[in-house]
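*Asks:* The structure's right below; bear with me while I get my questions together.
The values are calculated or read from the model by the stated rules, or taken from the named source; none is laboratory data. Owing to the predicted nature of the structure, the values given are computational and were not obtained by experimental measurement. In this analysis, Cβ positions are derived from the backbone assuming ideal geometry, glycine residues included, and neighbour counts consider all displayed protein chains.
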Amino acid sequence: MHHANLGTLLRTCDAVGACLAVPPWRWVDEALARGNTLRRPSCVHRVGDPLRWLAAERAGGARVLGVELTDEAVRLADLPMARRRTVVVLGHEATGIPAEALDNLDAAVEIPMIGTGLSLNVAVAGSLVLYKLAGLS
């Protein structure tokens, strides 16, 4: 499950010229190795403390966007192309972005859905947002 999601996100990051930031959990390196269908090194940052890293990125001038349902969320179709360093935060498919990380967001992006599901697969959602931010969709 994890290697497919991380592999898809890594492939999308490569396609749009972005890097993938991942937490230092034991399964991540194995999942990246199995899921990297590019078969060459890609841009991956290992983030020791995700909350501290997000705060530092934001303090350094990066825009931090969360893919999350909120009252103020911008619809994906209305999301402008990124004009500066942008970090996209993806949450768990069932529980979303952890509450403690929401304070580090500058804005949220909503992917409208017509069907009965409440969310998309995390790799699909991340890929849609990355292509929109890169101006490729």
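*Asks:* If I go through region 17-28 residue by residue, how many of them are over 13 Å from the mean Cα position of the chain (by Cα) and either under 18 Å from Val122 (Cα atoms) or surrounded by 14 or more Cβ atoms within 10 Å (Cβ to Cβ) (or both)?
*Replies:* Number of matching residues: 3.
*Asks:* Okay, moving on. Can you tell me which of Arg11, Arg39, Arg83, Arg34 is over 14 Å from the mean Cα position of the chain (by Cα) and part of a helix (DSSP H, G or I)?
*Replies:* Arg34
*Asks:* Being surrounded by 11 or more Cβ atoms within 10 Å (Cβ to Cβ) and more than 29 Å from Glu30 (Cβ to Cβ) is true for just one of Ala62, Ala125, Ala73, Ala56. Which residue is that?
*Replies:* Ala73
*Asks:* Restricting attention to region 128-137, and to residues there that are free of Cβ contacts under 8 Å to residues at least 60 places away in the same chain and surrounded by 13 or more Cβ atoms within 10 Å (Cβ to Cβ), which single residue is farthest from Leu69 (Cα to Cα)?
*Replies:* If we take residues in region 128-137 being free of Cβ contacts under 8 Å to residues at least 60 places away in the same chain and surrounded by 13 or more Cβ atoms within 10 Å (Cβ to Cβ), then Ser137 is farthest from Leu69 (Cα to Cα).
*Asks:* Please state which of the following conditions Gly60 fails to meet, knowing it meets all the rest: (1) within 18 Å of Val109 (Cβ to Cβ); (2) modelled with pLDDT of 95 or more.
*Replies:* (1)
*Asks:* Another question, if that's okay. Enumerate the pairs (first residue in region 18-40 and closer than 28 Å to Ala55 by Cα; second residue anywhere and part of a helix (DSSP H, G or I) and at pLDDT below 85) with beta-carbon separation below 7 Å, excluding pairs fewer than 6 apart on the same chain, so at least 6 apart or on different chains.
*Replies:* Going by the 7 Å Cβ cut-off, the qualifying pairs are Trp27/His2; Ala31/His2; Ala31/His3.
*Asks:* Here are Leu54, Leu65, Leu69: which of them is touching a residue at least 40 places away in the same chain (Cβ under 8 Å) and assigned to a helix (DSSP H, G or I)?
*Replies:* Leu54
*Asks:* For residues that are closer than 14 Å to Leu54 by Cα and not in a loop (DSSP other than H, G, I, E, B), scanning just region 93-137, find the one that is modelled with the highest pLDDT.
*Replies:* If we take residues in region 93-137 being closer than 14 Å to Leu54 by Cα and not in a loop (DSSP other than H, G, I, E, B), then Ala107 is modelled with the highest pLDDT.
*Asks:* Same structure again: Limited to region 107-117, what total is found for residues that are in contact (Cβ under 8 Å) with a residue 24 or more places away in the chain and either crowded, with 18+ Cβ neighbours inside 10 Å or farther than 12 Å from Val89 by Cβ (or both)?
*Replies:* Here the count works out to 5.
*Asks:* Follow-up question, since we're still on this one. Go through the residues of region 93-102 one by one and say whether even a single one is without any contact (Cβ under 8 Å) to a residue 12 or more places away in the chain and either surrounded by 11 or more Cβ atoms within 10 Å (Cβ to Cβ) or of a type in the set (Gly, Ala, Ser) (or both).
*Replies:* Yes, region 93-102 contains a residue that is without any contact (Cβ under 8 Å) to a residue 12 or more places away in the chain and either surrounded by 11 or more Cβ atoms within 10 Å (Cβ to Cβ) or of a type in the set (Gly, Ala, Ser) (or both).
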